[in-house]
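Working notes, beginning with the structure itself.
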Amino acid sequence: MVNSIQLEPRQHCRGTVTLPGSKSIANRALLMAALCQTPVTLHNLLVSDDTSRMREALNALGVSFEDDKLTTRVHGLGGHWNKSASDLYLGNAGTAMRPLIAVLAATLKSEHQAVVLKGDARMHERPVKHLVDALQPQSAGVNYLGETGFPPLEMTSGLKSGHFEIDGSVSSQFISALLMALPLLPGNSTLTLKGNVVSRPYIELTLQMLADFGISIKECSPQRYAITGGQCYQSPGEYWVEGDASAASYWMAAALLGKGPVEIIGVGKNSIQGDKRFAEVIEAMGASVSYHKNSITVSGTGSVQGIDQDFNDIPDAAMTVAPLALFANKPTTIRNVANWRVKETDRLHAMATELRKLGATVDEGEDFLRIEPLKHWQHAAIDTYDDHRMAMCFSLVAFSSVGVTINDPGCCAKTYPDYFSEFSRLCHS
């Protein structure tokens, strides 16, 4: 394992890059395919730590997989798990933990089929209380095995259909989890969202994917859904996993700083991922963007415009704005990203801490960062907090006059194992 990587100063970024499959889509697709009764062939499936954790969990429940170079064939069980897996270890994969809580609550058949969901130390600090609070009034068999509100959890049977309410202000994954699980219950249900719903495009992504897998959900209003019970997931036969739109943000930013052009293959004008909106952000910061069916091309002049925007809908991609702000012509404010604090690390505090190592002036609020442009760069070794996005974001500092050192670059294995080799291929002096 490489403990750090030193990136010498870069001036140019140009070429073509093919994105890895989206983690959000990949883990949803794996679970939805596992809930089908006939096989599903997944194309462009991301191979990463998070998807490995989901696959291992599903395999422990009896789901089988056939892999070749380009595809994965999933042999699902329609929610009738045929192995009594006692412990499922999910690492720090929120896209595995959250939906499995809801789906297992809906599908476990007896109190004797108890399953423990656990993860690494950071996962046991990531809240699941709002999701559990939505399930328990409907008789879900969910018991905390450690601190209340956090994994590990013991799951048993008992969830009943009915009226569900959930606070949507912490994580859209809780809402997506319920939308995936409630159609499997025998009776009809309603789901009401409370509070200021974060990352709403991820909910839209889930609804689109559910439709692709034969599940029908009626959106009565942006805060309320009607869900018919007794539905069965239907195999689409073949399913294509889009490239990761969050990962596309790093190449868009590099193209702005390094002038481009960079063609980013895997996300296009019809992408179902909300993070494709980052293309509009990068335009506002000074880039030129052109959209194609399955790709986006970005160029820049090297100059960066400071911005002040609300990023509640795309918090993951918004992280990429922070290092860009150091190059800007005026201060930048990243607003309404309180949920950064409950991600792989407390991203608000971590981002502010590492930016200051470079000499930056940063105002860290409860749900915002205000970042001053940097005139006098300091070379720094950036700590990444076992957070893939911290590592990839700070690679952009290589476009400064002093370069940057990234500690623990291997944490990118969570979603983008080849990121730094691709960075070296496309970005040069």
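The values are calculated or read from the model by the stated rules, or taken from the named source; none is laboratory data. Just so it is clear, the model here is predicted, and its values are computed rather than measured. All Cβ positions, glycine included, derive from the backbone under ideal geometry; neighbour counts span all protein chains shown.
Computed values, structure above
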{"quantity": "Residue in the range 53-65 that is farther than 19 Å from T156 by Cα and assigned to a strand (DSSP E or B) present", "calculated": "yes"}
{"quantity": "Residue list for the range 326-359, restricted to those being under 21 Å from A381 (Cβ atoms), in contact with a strand residue (DSSP E or B) (Cβ under 9 Å, 6 or more places away or on another chain) and surrounded by fewer than 22 Cβ atoms within 10 Å (Cβ to Cβ)", "calculated": "H349, A352, T353, R356, K357, L358"}
{"quantity": "The range 81-93, subset surrounded by fewer than 23 Cβ atoms within 10 Å (Cβ to Cβ) and at pLDDT 95 or above, residue farthest from the chain's Cα centre (by Cα)", "calculated": "Y89"}
{"quantity": "Failed item in (1) surrounded by fewer than 20 Cβ atoms within 10 Å (Cβ to Cβ); (2) touching a Pro at 6+ places or on another chain (Cβ under 9 Å); (3) among the aliphatic types (A, V, I, L, M), with A413 passing the rest", "calculated": "(2)"}
{"quantity": "Complete set of residues in the range 154-180 that are under 19 Å from N143 (Cα atoms), within 19 Å of the chain's Cα centre (by Cα) and aliphatic (A, V, I, L, M)", "calculated": "A177, L178"}
{"quantity": "1 or more residues modelled with pLDDT under 95 and not acidic (D, E): qualifying strands (runs of 3 or more DSSP E) within the range 337-408", "calculated": "none"}
{"quantity": "Set G195, G214: member being out of contact with any Leu (no Cβ under 8 Å at 6 or more places or on another chain), free of Cβ contacts under 8 Å to residues at least 40 places away in the same chain and within 23 Å of D275 (Cβ to Cβ)", "calculated": "G195"}
{"quantity": "Among the candidates L178, L145, residue that is among the hydrophobic types (A, V, I, L, M, F, W, C) and surrounded by 15 or more Cβ atoms within 10 Å (Cβ to Cβ)", "calculated": "L178"}
{"quantity": "Residue under evaluation S172, criteria (1) small (G, A, S); (2) touching an Asp or Glu at 6+ places or on another chain (Cβ under 7 Å); (3) closer than 26 Å to I314 by Cβ, criterion not met", "calculated": "(2)"}
{"quantity": "Checking N312 against (1) surrounded by fewer than 22 Cβ atoms within 10 Å (Cβ to Cβ); (2) within 15 Å of E366 (Cβ to Cβ); (3) more than 17 Å from the chain's Cα centre (by Cα), the condition it does not meet", "calculated": "(3)"}
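Condition check ((1) farther than 28 Å from C36 by Cα; (2) over 23 Å from the mean Cα position of the chain (by Cα); (3) crowded, with 22+ Cβ neighbours inside 10 Å; (4) not assigned by TED's automatic domain parsing to the domain that holds M209) across all residues:
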{"position": "M252", "(1), (2), (3), (4)": "yes, no, yes, yes"}
{"position": "G258", "(1), (2), (3), (4)": "yes, yes, yes, yes"}
{"position": "N270", "(1), (2), (3), (4)": "no, no, no, yes"}
{"position": "G274", "(1), (2), (3), (4)": "no, no, yes, yes"}
{"position": "G286", "(1), (2), (3), (4)": "yes, yes, no, yes"}
